């Protein structure tokens, strides 16, 4: 089965949901490490996505200036 590619918006939403659960003390100790690891992965994904988008936009602007 093919995995659906995660969008930036979906990643941010998932991070927000996990943080809300942390703030509301809805996560138990058994889930905590797993969720922190997931948030770490999602933040890295978002940073990479932003960096890639910035690079692409800079390329477009450079092309327009030529």
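Give region 1-17 a look and list any residue that's surrounded by 13 or more Cβ atoms within 10 Å (Cβ to Cβ) and either at pLDDT below 95 or touching a strand residue (DSSP E or B) at 6+ places or on another chain (Cβ under 9 Å) (or both), or say none. Of everything in region 1-17, just one residue is surrounded by 13 or more Cβ atoms within 10 Å (Cβ to Cβ) and either at pLDDT below 95 or touching a strand residue (DSSP E or B) at 6+ places or on another chain (Cβ under 9 Å) (or both), namely 6.
Six or more apart or on different chains, Cβ under 7 Å: which pairs go from a residue in region 31-48 that's surrounded by 11 or more Cβ atoms within 10 Å (Cβ to Cβ) to one that's not in a helix (DSSP H, G or I)? Could you list them? Close Cβ pairs satisfying both conditions: 35/27; 45/6.
Among the residues of region 17-30, which ones are touching a residue at least 12 places away in the same chain (Cβ under 8 Å) and over 16 Å from the mean Cα position of the chain (by Cα)?
Initially, region 17-30 is screened for residues touching a residue at least 12 places away in the same chain (Cβ under 8 Å), giving 18-19, 21-22.
Once the filter is applied, which keeps residues that are touching a residue at least 12 places away in the same chain (Cβ under 8 Å) and over 16 Å from the mean Cα position of the chain (by Cα), region 17-30 yields 21, 22.
Is it the case that residue 51 is in contact (Cβ under 8 Å) with a residue 24 or more places away in the chain, at negative phi and in a helix (DSSP H, G or I)? When the stated conditions are applied, residue 51 does not pass them.
The values are calculated or read from the model by the stated rules, or taken from the named source; none is laboratory data. Remember, it's a predicted structure, so these values are computed and weren't measured experimentally. Cβ atoms come from the backbone with ideal geometry, glycine included; neighbour counts cover every protein chain shown.
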